[in-house]
Amino acid sequence: MDLRQLFATNLRRLRHAKGWSQDELAFEAEMSRSYLSQSEKGTFYVSLKVIGRLADALGAEPGEFLQPPP
């Protein structure tokens, strides 16, 4: 699996586990919903800064975004 796709899959999983919409997560992570949407599709290479903001907003560890599925 491509790292972008792995990140996108885990991002969606963590967001859904929190019960948040893309709008809610984008607001909490201080980014546009459009950027978040593209990140969840695996379109963008996200920076470490963005990973950190998403992890903080979701209450997750940054490494969780790159964990292979069980």
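The values are calculated or read from the model by the stated rules, or taken from the named source; none is laboratory data. Quantities reported herein were computed from a predicted structural model and do not represent experimental measurements. Positions of Cβ are generated from backbone atoms using ideal geometry, with glycine treated the same way; all protein chains shown enter the neighbour counts. Side chains are part of the model used for accessible areas, which takes the heavy atoms of the whole protein and leaves out ligands, DNA and RNA. Shrake-Rupley method; radii C 1.70, N 1.55, O 1.52, S 1.80 Å.
Quick one: is Leu3 of a type in the set (A, V, I, L, M, F, W, C), open to solvent by 40 Å² or more (accessible area, probe 1.4 Å) and more than 12 Å from the chain's Cα centre (by Cα)? Quick ask: steps written out before the conclusion?
Numbers: of a type in the set (A, V, I, L, M, F, W, C): yes; open to solvent by 40 Å² or more (accessible area, probe 1.4 Å): yes; more than 12 Å from the chain's Cα centre (by Cα): yes.
Answer is yes for this residue.
Sort out which residues of the range 27-46 are over 20 Å from Leu66 (Cα atoms) and either of a type outside the set (Ser, Thr, Tyr) or out of contact with any helix residue (DSSP H, G or I) (no Cβ under 9 Å at 6 or more places or on another chain) (or both), and write them in order of number. If you could, list the steps in order and put the result at the bottom.
Keep residues of the range 27-46 that are over 20 Å from Leu66 (Cα atoms), which gives 27-28, 30-34.
Of everything in the range 27-46, those that are over 20 Å from Leu66 (Cα atoms) and either of a type outside the set (Ser, Thr, Tyr) or out of contact with any helix residue (DSSP H, G or I) (no Cβ under 9 Å at 6 or more places or on another chain) (or both) turn out to be Phe27, Glu28, Glu30, Met31, Arg33.
Say we look at the range 7-21 and pick out the residues that are more than 10 Å from the chain's Cα centre (by Cα) and of a type outside the set (D, E, K, R); which of these is surrounded by the fewest Cβ atoms within 10 Å (Cβ to Cβ)?
The selected residue is Gly19.
Limited to the range 34-62, what total is found for residues that are exposed (fewer than 10 other Cβ atoms within 10 Å of the Cβ) and farther than 17 Å from His16 by Cα?
Qualifying residue count, the range 34-62: 3.
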